[in-house]
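Each reported figure results from applying straightforward, stated rules to the coordinates on display, with no laboratory input. Keep in mind the model is a prediction, meaning the values are calculated, not measured. Note that we place each Cβ from the backbone using ideal geometry, even for glycine, and neighbour counts take in every protein chain shown.
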């Protein structure tokens, strides 16, 4: 079945052509989107939507965990933090607690912003190394 929606085509092309770094950034942004949707659902007392969006956020965190290079010490620390986030998402889902979702959102924002800086530094390094001869 062909996709006739131009936005869906654009999204699919964005994912297919993204670098690994950009894909990680997309995962962080997706996780934040689902946490935000879950918070709104809790406030609206829409438990099905809350549950669905928290589970989507958990799946993203689990994907981030799977893709870590465990040979690096920083990855071992990140694994612990991702595990903490995953457990807090479960707790937020059970308790319908937006304060836990706020906490998790803050952590994911920090990771996303740090990752953006890594991408920017790598781009600067590539441009300076490939510079003008």
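Descriptive notes on the structure:
- Within the stretch 48-133, the proportion of Cα pairs with more than 18 Å between them is 54 percent.
- In summary, the convex hull built on the alpha carbon positions of the stretch 87-133 has an orientation-averaged projected area of 3.7 nm².
- Per-residue Cβ neighbour rank within 10 angstrom, fewest leading, 71, 97: 71, 97
- With the convex hull of its Cα atoms as the shape, the stretch 38-97 has an orientation-averaged projected area of 3.8 nm².
- In plain terms, the chain from residue 56 to residue 43 could stretch by 2.9 nm, reckoned as 0.36 nm per residue minus the Cα-Cα distance.
- Put a dot 7 Å past the Cα of residue 120, heading toward its Cβ, do the same for residue 95, and the two dots end up 3.5 nm apart.
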